[in-house]
Amino acid sequence: MRAAAAIVSGAVSMALIAVTSACDQGGSEPSDVRYGDCPISGRYGEFDLSPETAGVLTVKTTLPAPGWWNGDTPDSVTSGYEYCMAANIAYRAGLDRVAVKNAPFPEVVSGRTEDFDLALAQITITPERSKVAAFSPPYLSSTLGVLIRDGEQIDEDNIRDVRIGVAEGTTGEEFVANRIKPTKPVTAFADDPELVTALEEGRIDAAVHDTTILLAYHQKKEDRVRLVGQYRAGQSYGALYPKGSPDKEELDRIIKQLIDDGTLAKLSAVYLGAAFGQDPVKIPYLTVDDGS
């Protein structure tokens, strides 16, 4: 799955998110440090990283991604689950800035670039991606949702016979081709807004993509589209590191700490709950012929 979200003109952009801090000359813990609007916890500088840029945590993602990164451009993002996850990583590593780089999702997961410390873009951990990049421990389970126009009747029994749209380069695209096996051509879209717009305009009949991404559109456009179900994919999101990253072990330790101390659960409740507008586990689960 993506995990992805959408692309801004397919271009890579970057913004340094400034941090206000009151550090003394001896480098002790700041008394007032902020990364956008994110709640920060843990101990400043507990972990030791060797970042791409000194004093900065450089994070790649794909925008826009409501709930995950609240803001359409790197310099407008101030909150969201993954942005605040990055902020907490930076804080615990004693880094006073987060640099956000926006890039097309296929580029993020390609393993061809090394100008970042980690990528957080709702990226599903897969064997294929693990060949070209390294992953953190899973931080969130993922499923594939089915978004349709309000008033339409599409379900697991007839979805094979409708026009399906997917996000390019995602595991949703693979799932549709290999598991749903539709009778009509599938259309792959370069970004999420284009996928949802195509659905609204009637160019496709159903969008199959990460449930946690489609829920945000369902919330914003509830009078036009609705989420009718989700497929269990047995997969999870992970932070992606450049292959051979010297910081993998230390970043893994930080992310495990964020999971164990409940920080990520709190971020999910604050940011994803607001974006989704409903509990994802209550969405009906769909099956395919092989019983999954």
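On the basis of being open to solvent by 60 Å² or more (accessible area, probe 1.4 Å), farther than 30 Å from CYS38 by Cβ, assigned to a loop (DSSP other than H, G, I, E, B) and without any contact (Cβ under 8 Å) to a residue 24 or more places away in the chain, does ASP289 make the cut?
yes
Of all the residues that make up the stretch 92-112, how many are out of contact with any Pro (no Cβ under 9 Å at 6 or more places or on another chain) and over 19 Å from ILE125 (Cα atoms)?
Count: 4.
Given the stretch 108-213, what strands (runs of 3 or more DSSP E) lie entirely inside it while holding 3 or more residues that are under 30 Å from ASP48 (Cβ atoms)?
Qualifying strands (runs of 3 or more DSSP E): 133-135.
Here's the yes/no breakdown for (1) at pLDDT below 95; (2) among the β-branched types (Val, Ile, Thr):
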{"site": "ALA206", "(1), (2)": "no, no"}
{"site": "THR212", "(1), (2)": "yes, yes"}
{"site": "TYR241", "(1), (2)": "no, no"}
{"site": "ILE255", "(1), (2)": "no, yes"}
{"site": "ALA265", "(1), (2)": "yes, no"}
{"site": "ALA274", "(1), (2)": "yes, no"}
{"site": "GLY291", "(1), (2)": "yes, no"}
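Does the stretch 227-237 contain any residue that is assigned to a helix (DSSP H, G or I) and either closer than 30 Å to ASP157 by Cα or open to solvent by less than 10 Å² (accessible area, probe 1.4 Å) (or both)?
Within the stretch 227-237, none of the residues are assigned to a helix (DSSP H, G or I) and either closer than 30 Å to ASP157 by Cα or open to solvent by less than 10 Å² (accessible area, probe 1.4 Å) (or both).
In the stretch 134-158, what count of residues is obtained for those that are among the charged types (D, E, K, R) and open to solvent by less than 50 Å² (accessible area, probe 1.4 Å)?
Residues that pass the stated criteria total 1.
Please verify whether ILE89 is over 15 Å from the mean Cα position of the chain (by Cα), crowded, with 20+ Cβ neighbours inside 10 Å, in contact (Cβ under 8 Å) with a residue 12 or more places away in the chain and within 14 Å of ALA239 (Cα to Cα), treating the condition exactly as stated.
Yes, satisfied.
If I ask for residues that are charged (D, E, K, R) and within 29 Å of PHE116 (Cα to Cα), which ones from the stretch 218-274 would you list?
LYS243, ASP247, LYS248, GLU249, GLU250, ASP252, ARG253, LYS256, ASP260, ASP261, LYS266
Under 16 Å from LEU286 (Cβ atoms), open to solvent by 10 Å² or more (accessible area, probe 1.4 Å) and of a type in the set (A, V, I, L, M): does that describe VAL162?
Judged against the criteria, VAL162 is a match.
Take the residues in the stretch 104-121 that are modelled with pLDDT under 95 and either β-branched (Val, Ile, Thr) or open to solvent by less than 10 Å² (accessible area, probe 1.4 Å) (or both), then tell me which one is farthest from GLU173 (Cα to Cα).
THR113
Yes or no: the stretch 271-283 includes at least one residue that is more than 19 Å from ILE89 (Cα to Cα) and among the aromatic types (Phe, Trp, Tyr).
Yes, the stretch 271-283 contains at least one residue that is more than 19 Å from ILE89 (Cα to Cα) and among the aromatic types (Phe, Trp, Tyr).
Here are some conditions: (1) within 30 Å of ALA133 (Cα to Cα); (2) open to solvent by 40 Å² or more (accessible area, probe 1.4 Å); (3) in a helix (DSSP H, G or I). PRO246 meets all but one. Which one does it not meet?
Failed condition: (3).
Could you pull out the residue among LYS266, LYS256 that is closer than 24 Å to THR78 by Cβ, open to solvent by 50 Å² or more (accessible area, probe 1.4 Å), in contact (Cβ under 8 Å) with a residue 40 or more places away in the chain and out of contact with any Gly (no Cβ under 6 Å at 6 or more places or on another chain)?
LYS266
Exactly one condition in (1) under 19 Å from VAL59 (Cα atoms); (2) in a helix (DSSP H, G or I); (3) of a type in the set (Ser, Thr, Tyr) is false for TYR241; which is it?
(2)
The values are calculated or read from the model by the stated rules, or taken from the named source; none is laboratory data. Just so we're clear, the structure is a prediction, and the values are computed from it rather than from any experiment. Here Cβ is always computed from backbone atoms with ideal geometry, including for glycine, and neighbour counts include all displayed protein chains. The area values use the complete protein model at the heavy-atom level, side chains included, leaving out ligands, DNA and RNA. Shrake-Rupley method; radii C 1.70, N 1.55, O 1.52, S 1.80 Å.
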